[in-house]
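Read the structure below first, then the notes.
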Amino acid sequence: MARDLQERIKKLIIDRRLPSGASLPTEPELMELLGASRNSVREALKALQAMGIVEIRHGFGTYVGPMSMAPMIEGLAFRTVAGHYRGEDSLVQLLELREALETGLISRLAGRIPEADLVELDALVDRMESQAAEGAGLAETDRAFHATLYRGLGNLLLGEVLEAFWDAFHRVRTDLVEPPQDPKVTCRQHREILDAVRTGDARRAEDAIREHFGHIRARLTATAPHETISPPN
């Protein structure tokens, strides 16, 4: 019954073509539309709120939610941490999902990235090199590089999925023991990716992406998942 109500509310949002932020029918209206009790409607709305599909604003009403990737990120992060402490190589598996996506996409970008994006990518690699020289962390600049790299594909959903994998991977990685990265290697790999897509060399771009992820995988597997590591609080 609860699952059925959730599906019917989702269908209502689709059928009425309601965008994020749009107001949903009031609770009594939903009770009448769905032929369900107040408690059943409330439970269905709470479940949909947990998925980001609706947003309940107490005292104001219920609205179509942002439909973000946040629940997916939470699920990926939790599953990966839990798997790691069960002795599984779950962090490597999550990395491989990102690698499969990016390797499959990079050849489509070779020679097709807008000049404005190339200028921005150049600036990001320059920033990474400056940060490496100063001993600063590269994570956020690295993230911006990958987001900018695939922006030219014009696929908003793809961008959100890549961001979701990035968020989950890096949130988990901060909780796990990992050998320190060599920032000079990271900078060189990003420069190689950029040079390959700029010159339109799809094979070289794929090889550069594989090398980049292979380097990360080597660092992750240096700490075997069966080693004893105290779980995070």
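The values are calculated or read from the model by the stated rules, or taken from the named source; none is laboratory data. Just so it is clear, the model here is predicted, and its values are computed rather than measured. Cβ atoms come from the backbone with ideal geometry, glycine included; neighbour counts cover every protein chain shown. These accessible areas exclude ligands, DNA and RNA; they are computed on the full protein's heavy atoms, side chains included. Shrake-Rupley method; radii C 1.70, N 1.55, O 1.52, S 1.80 Å.
How big is the gap, in Å, between the Cα center of segment 16-71 and the Cα center of segment 116-166? Between the Cα centres of segment 16-71 and segment 116-166 lies a distance of 35 Å.
Give, as a single signed number, the net charge of other residues whose beta carbon lies under 14 Å from the beta carbon of Phe145, with Lys and Arg counted +1 and Asp and Glu -1.
Numbers: positive: Arg98, Arg127, Arg143, Arg151, Arg188, Arg191, Arg198; negative: Glu102, Asp117, Glu120, Asp122, Asp126, Glu129, Glu140, Asp142, Glu163, Glu192, Asp195.
The answer is -4.
Between the amide H of Ala36 and any residue lying 5 or more places away or on another chain, no distance stays under 5 Å, with hydrogens modeled in the peptide plane.
Of the residues His58, His170, ranked by 1.4 Å probe accessible area with the largest first, the sequence reads His58, His170. The order of Thr26, Thr199, Thr80 by accessible area, most exposed first and with a 1.4 Å probe, is Thr199, Thr26, Thr80.
Using a probe of 1.4 Å, the accessible surface attributed to Met51 totals some 70 Å² when neighbouring protein chains are kept in position.
Every Cα-Cα pair of the chain was included, and the share exceeding 32 Å stands at 38 percent.
Give me the number: length gained by fully extending Gln93 to Val119, i.e. 0.36 nm times residue separation minus the C-alpha to C-alpha distance, one decimal in nm.
Numbers: separation 26, 0.36 × 26 = 9.36 nm, distance 3.30 nm.
In short, 6.1 nm is gained.
Around Gln6, under 11 Å between beta carbons, what's the net of Lys plus Arg minus Asp minus Glu among the other residues? Computed value for this residue: +2. When the chymotrypsin sites (Phe, Trp or Tyr not before Pro) in segment 42-133 are filtered for DSSP coil states and for at most 13 other beta-carbon atoms within 10 Å of their beta-carbon, the remaining sites are Phe60. Where Lys and Arg each count +1 and Asp and Glu each count -1, what net charge lies around Asn39 among other residues with Cβ under 12 Å from its Cβ? Summing Lys and Arg as +1 and Asp and Glu as -1 gives +1.
In square angstrom, what is the accessible area per residue of the chain with a 1.4 angstrom probe? Intermediate values should be presented prior to the final figure.
On the way: 12600 Å² over 233 residues.
Accessible area per residue: 54 Å².
Over all distinct Cα-Cα pairs of segment 30-146, the Kirkwood formula returns a hydrodynamic radius of 18.9 Å.
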